[in-house]
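Novice: Below is a structure I'd like to ask you about.
The values are calculated or read from the model by the stated rules, or taken from the named source; none is laboratory data. Since the model is a prediction, treat every value here as computed from it, not as a measurement. Virtual Cβ from ideal backbone geometry, glycine too; neighbours counted across all protein chains shown. When the accessible area is computed, the model is the full protein with side chains, heavy atoms only, and any ligands, DNA or RNA have been set aside. Shrake-Rupley method; radii C 1.70, N 1.55, O 1.52, S 1.80 Å.
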Amino acid sequence: MNNVSATQRTKRALPAVVLTAALMLAVTACSPTGNASTSGPSGGSAAGGTGVPALEVNQAAVELLPESIKASKVLRVAIPTNEQPTQFYREGTQEMTGTNPDVARLIGEALGVTVDIQVANFDSIIPGLAANRYDMTVSSMTPTEKRMEVLDFVDYMQIGNAIAVPKGNPAGIKDENALCGKKVGLLTGSYQLTVNVPDYDAACAAAGKDAIQKSEFQDTRQAISALTSGRLDTVLADSPILNFAATQNPQIEVARTYEFAPVGVGVPKESGLVKSVSAALDAVIKSESYTKVLGKYGLETSAITEARVNFAQ
């Protein structure tokens, strides 16, 4: 999947975002549980022992930093949790690991700043950015035109959709066209729930078939538990998460993965961070450190070759 797949995700629609109250309606790729918390700062030299490969400071990117970040030398990064392998707590610790925290740490190294990871519910991240609680987010968030009303985005990897089913696929669900009338588990606020399913339901109605029976969950583990206990026919979520889950749980398998497209680092438009983050990510994705980070979580094929800015999906 190096470079974007020919099959792209359809543009993801979001509710209108104007003020902080409206921002509370913004959706993200998948939604965790728990209140906002910090996993402790990392970054600077060798990423503070977090296991992230060292990366040289990019002076050109540093020069583009807003004065407030230059002074504090801290970048507050909002990241959700409980979704392996993209973000999760290292076993027995309160330290975040996964592709998203590690990419954030590589950005911190390129900018010569400390990365302070703030763990937050997905649906609180955009309002938190608007309220200046965070400087940026690395949370598998897909750039959309609606999100770009309030955030700037820089691509950093690509992911797709996946359909998980019980082992043996007893309901015979081979693709998204087979979801009509089925009991489908979805993450609260997810792209799959807010964009895919309405489109699929419209197709079901046009074909004279029953609508999808939707069940919402706060994280993938809850959805998979419902799947293995027979309460669901399938789970529709991000491909890295369900592919990983299938390697850990012999009771499920992935019937289909599809619609791969980039996700981006999000920063508030008014922050002035997009130029420095863009320059930093350009250096990151050209480095061996980037390849090593994705490889650590089995996501080598999620690599991209260009840190595009504000490229809507």
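Novice: Tell me, what % of the accessible area of the range 202-257 is carbon and sulfur with a 1.4 angstrom probe?
Specialist: C and S atoms contribute 45 percent here.
Novice: Sorted by average packing, counted as other Cβ atoms within 10 angstrom per residue and highest first, what order do 151-161, 216-226, 271-281, 172-182 take?
Specialist: The most tightly packed comes first, giving 151-161, 271-281, 216-226, 172-182.
Novice: Provide 124, 190 ordered by accessible surface of protein heavy atoms (probe 1.4 Å), highest first.
Specialist: Most to least solvent-accessible, the answer reads 124, 190.
Novice: Sort the following peptides by mean Cβ neighbour count (other Cβ atoms within 10 Å, averaged over residues), highest first: 252-260, 298-306, 96-104.
Specialist: Ranking the peptides 252-260, 298-306, 96-104 by packing returns 96-104, 252-260, 298-306.
Novice: Here's another thing I want to ask about it. Pulled fully out, how much extra length does the chain show between residue 270 and residue 305, if you take 0.36 nm times their separation in residues and subtract their Cα-Cα distance?
Specialist: 9.9 nm
Novice: Something else now. In percent, what relative contact order does the range 201-287 have, based on Cα pairs under 8 Å that are 6 or more apart in sequence?
Specialist: Contact order relative to length: 13 percent.
Novice: With a 1.4 Å probe and all protein chains left in place, how much accessible area per residue does the range 263-313 have, in Å²?
Specialist: 43
Novice: Could you grab the relative contact order for the range 80-225? Cα pairs under 8 Å, six or more apart, rounded to a whole percent.
Specialist: Rounded, it is 18 percent for the range 80-225.
Novice: Enter the accessible area per residue of the range 73-219 (Å², integer; probe 1.4 Å; all protein chains in place).
Specialist: Dividing the accessible area of the range 73-219 by its residue count gives 32 Å².
Novice: Also, I was wondering about something else. How large, in percent, is the carbon and sulfur part of the accessible surface of the range 98-139 at a probe radius of 1.4 Å?
Specialist: Whole-percent figure for carbon plus sulfur exposure: 33.
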